[in-house]
Amino acid sequence: MNYDEETRPLLVNDEGRQEDRSEQDSYLDTVKNGKLYVATFAAVLGPLSFGFVLGYSSPAIPELSRTQDLRLQLNTEEASWFGSVVTIGAALGGLLGGWIVEKIGRKLSLMFCAIPFIFGFTVIIAAQNHWMLYLGRVLTGLASGVTSLVVPLYISEMAHERVRGTMGSCVQLMVVTGIMGSYITGLFLDWRWLAIASSIPPTLMLVFMCFMPETPRFLLSQGKRREAEASLRFLRGPDAPVEWECARIEEASKNEEQCFSLADLKDPGVYKPLWVGIMLMLFQQFTGINAIMFYAETIFEQAHFKSSDVATVIVAAIQVIFTGFAAFIMDRAGRKVLLILSGVTMCVSEVVFGVYFKLTVMKHDNSSLINALTDTQQHQTDLAWLAVGSMGLFIAGFALGWGPTPWLVMSEIFPTRARGLGSAFCVLTNWTCAFIVTKTFQNLMDLMSSAGTFWMFSAMCALNVIFTAVFVPETKGKTLEEIQAHFKGTYQR
C-alpha cells in the first residue's frame, strides 16, 4: 500500500477512488465489531439518561399539579416552565460541550456530563420549593445538552462506514427508550422515586466509560499515533491491519488546519455543512415533537381520553419500535429517503390530529391545557381513537427519520477542525428551538386553537420535506473524508 499523497491523491479521480474503495472493502472484511458494539452501548447510556430527563415531566407534572404540598404545587404557568426549562440548560450544555469536547476529548466529556445528570436528579429528589425543581431540571438539561453533542461525535469517530448509520441511530433509539422507561416507571412510582430511578443510567455510564477508549480521530488530531492504533485495535478486533486506517485518516487530514478560525467560515467545507446541520435541527424541533412528548399525558387529558397515562406509554412504545426499525435500515435505505418519508408521514398525521380537534372543539377560547374542552365529552370519547391513531402515526413517522437522522448527519458532515464548534451551534439551535416550542405551546393552543397549532406544525413538516430534497446530501456508505470532499466540491463518483 502506498500512502504518498503526490502519487495517489485521495478522491481525485474514478480510478483512484476505485482503488481506495477496494482497499477499504478488503480492510473492513477483517474487522470484528464486538467491542465496537460494547463501546457504543456504554456511550448511549448518555442518551438513555436524557431520554429519562425528557420523559420525566409528562408523569411528574400531573402529580405536582395535584400535590397537597403548596410549596411544590405547580399551576399551569409553573408547569410549563418545569417542562421547558430543561431546554435552557440543554442549550447551555450544547455550547459547553462544543468547548470541552475539543479540550479534554470525547471520552472524558462523556464521563463529565454524568455528574450534572446525577446531581440534578438529586436536587429534584430533595426539592422543597419550585426553585429546587427548576434547578434540578436545568442541571439535567445541561447534561443532556453535552450528551446530545458528544455521543454522536464519539460514535461517528469510532464506527466505520458499514455500521456508522446503525450505530449513530442508536443515539435516538436510546433517547426514546429512556422516554418510554420514564413513562412506564411513572405508572408505578411517584415523582421522587421516578427521579431516583432516572439517576441510574448516568451512574452506569460513568462506570462503563472508564473502560472504553478515546476515539482514534481525536487521538490522531493530538499527535498520539500509538494510542490511536491501540484504540483501533480495541474497536476493530485483532485481525484488522489498523495501521492502514490510521494512515488513511492522517492522509485525509494532511492539508487540513487543525485549529479553527473565523476565516474558515468562508470555506464551503465548513459553512455548507453548518447551514445543513442548523436547518436540520431547526426543522426537527418545529415538527412539534418535544411539545408533544413533554405534554403527551396532558394532551390526552385535553382530548378526554380515558387512561391518558397508559396512552402515553403506548405512544412511547411506538416511538421505540420505529426508531429501532430506522436504525436497522439506516445503512440500507439511506438518510435522505428516510427524512423525506418521515416528513410526509408527520405532515399527514398532524393534519389529521388538527381535524380531530376541529371536530371535537366547538369553541376556540381554550382557557388552559388541562381544563379546556369540558363540553361535548361524549363526542370526544367516540373520536378518542382518532387522536391516539394520529399521534401514533406522527410518532412513528418522526422516529423513522427526523428523530435519529439529524443527529447522525450532524456527526458526519463537519471537518475535524470544526466538528466541536459546528456541532455546538447545531445543538444550541436544537435546544433553543425546543425551548421556544415547549414554552409557547400552551400560548399557541390558546391563540390559534388546538387544531390551528397542529396545522402549523404540519406546514413546517411540509417545508422540511422540500429542504431535504434540495439541500441534504446522502451520506450512506461514505467515509467521513468523502462527505467532507462532497461539501468542498472535490468528491468524484
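Here, each number is a calculation from the coordinates, and none is a lab measurement. Worth saying up front: this structure is predicted, and the values here are computed from it rather than measured. We place every Cβ from the backbone using ideal geometry, glycine too, and count neighbours over all the protein chains shown.
What to note about this one:
- Here the peptides 68-78, 427-437 are ranked by packing, the mean other Cβ count within 10 Å, and the order with the highest first is 427-437, 68-78.
- Restricting the stretch 128-181 to trypsin sites (Lys or Arg not before Pro) that sit in a DSSP loop and have at most 11 other Cβ atoms within 10 Å of their own Cβ leaves nothing.
- Note that the stretch 397-413 has calculated 3J(HN,Hα) couplings of x, 4, 5, 6, x, 6, x, x, 5, x, 5, 5, 4, 4, 6, 9, 8 Hz, one per residue in order, obtained from phi through the Karplus relation 6.51 cos²θ - 1.76 cosθ + 1.60 (θ = phi - 60°); glycine and proline are x.
- Cross-link pairs 336/478; 35/336; 32/478 - those with Cα-Cα distance over 21 Å: 35/336
- Rough spin-label spacing in nm, given labels placed 7 Å along Cα→Cβ, for residue 131 and residue 192: 2.1 nm
- In terms of the mean number of neighbouring beta-carbon atoms within 10 Å, the peptides 277-289, 25-37, 325-337 order highest first as 277-289, 325-337, 25-37.
- Ranking 91, 126, 148 by Cα position along the charge dipole of the stretch 40-152, where only Lys, Arg, Asp and Glu carry charges on their C-beta atoms, puts 148 farthest toward the positive end.
- From most to least packed by mean Cβ count within 10 Å, the peptides 450-463, 104-117 give 104-117, 450-463.
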